[in-house]
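Report on one structure; see the data block that follows.
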Amino acid sequence: MNILIFQHTPGENPGAFLEHISSCGDTAGIVHFYDGQPIPQLDEFDLLFVLGGPMDVWEIEAHPWLVREKQAIRTWVQELKRPYFGICLGHQLLVDALGGKCARMQKPEIGVHSINLTGNTRGDPLFELLPHQFRVLQWHGVEAVDLPVDSSIMAQSDACAVQALRVSDCAWGVQFHPELVQGTIQSWMSDAANHQCAVDWLGSADAAWEMVSDSDQIVEEQFRITSSFYNRLRQI
């Protein structure tokens, strides 16, 4: 299969999904929006991943490429009807591009926390066989508040009502970061802006660095989850 990936910032890369792509013998083309790269011909690809990033879905003046990215997402899901998987910002972009709405949270959600699957996961191609509850890495201050038509919530947490959703029969978004590999958050924290963001949201430098240790502890569990996600996306 030929995989298309939208990447918004150097630090938030496909992570574990690159290993799954390689192990399946698939190929991947990555659009680096932060470098001004154009979107290729969509119909040449079988599956679209849209990654995270520090920008918000409405920041089109600061990031003009968001306009054409949202149009590409609409074309992909509504016209091509091929499998889509969005992570964090990619989850929010799916919601926004298809007519929903995202807004700032009263309190950001950051750190390793548990999410719970909903009854909508019964029969769902991606979530059906996952545990009812599992831990994930959260790092977001925006959430989906109005969902597109034909949406189903797949997972929730105490802090965020839409941790995962499916739109129609081919598109999924997750608010958390399943792409983790060992050292992902350590790398993010090496960026001064990210480090300060974590300190501000968590309340102390010690808490921020504790998140690094906590995230490394769930890497193996997340790798199994991403493997399941990827292999099931390939069958849609």
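The values are calculated or read from the model by the stated rules, or taken from the named source; none is laboratory data. Quick caveat: nothing in here was measured; it's all calculated off a predicted structure. Reconstructed Cβ throughout: ideal geometry from the backbone, glycine too, with neighbour counts over all protein chains shown. Heavy atoms of the whole protein, side chains included, go into the accessibility calculation; ligands, DNA and RNA do not. Shrake-Rupley method; radii C 1.70, N 1.55, O 1.52, S 1.80 Å.
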Handout entry: Residue selected from the range 58-75 under the condition touching a helix residue (DSSP H, G or I) at 6+ places or on another chain (Cβ under 8 Å), open to solvent by 70 Å² or more (accessible area, probe 1.4 Å) and assigned to a loop (DSSP other than H, G, I, E, B), by the criterion farthest from E143 (Cα to Cα)
Key = I60
Problem - Members of the range 122-147 that are in contact (Cβ under 8 Å) with a residue 24 or more places away in the chain, of a type outside the set (V, I, T), in a strand (DSSP E or B) and closer than 19 Å to T226 by Cα - result: F134, R135, L137, Q138, W139
Practice task
For W201, indicate whether it is open to solvent by less than 30 Å² (accessible area, probe 1.4 Å), aromatic (F, W, Y) and either in contact with a Ser or Thr (Cβ under 6 Å, 6 or more places away or on another chain) or at pLDDT below 95 (or both).
Solution key: no
Fill in the blank from the handout: Taking the range 1-21 and keeping only residues that are of a type in the set (D, E), part of a helix (DSSP H, G or I) and surrounded by 22 or more Cβ atoms within 10 Å (Cβ to Cβ), one is left with none
Practice task
Check whether at least one residue in the range 43-56 is free of Cβ contacts under 8 Å to residues at least 60 places away in the same chain and in a helix (DSSP H, G or I), and report yes or no.
Solution key: yes
Fill in the blank from the handout: Counted residues in the range 201-234 being over 18 Å from R135 (Cα atoms), under 19 Å from the mean Cα position of the chain (by Cα) and among the aliphatic types (A, V, I, L, M) come to 1
Exercise for the section: With respect to P131, determine if the residue is surrounded by fewer than 20 Cβ atoms within 10 Å (Cβ to Cβ) and either under 13 Å from L94 (Cβ atoms) or touching a helix residue (DSSP H, G or I) at 6+ places or on another chain (Cβ under 6 Å) (or both). Expected result: no
Exercise for the section: Considering each of V149, V162 in turn, give the residue that is over 18 Å from the mean Cα position of the chain (by Cα) and either open to solvent by less than 10 Å² (accessible area, probe 1.4 Å) or at negative phi (or both). Expected result: V149
Problem - Residue tally, condition in contact with a Leu (Cβ under 9 Å, 6 or more places away or on another chain) and open to solvent by 10 Å² or more (accessible area, probe 1.4 Å), over the range 212-224 - result: 4
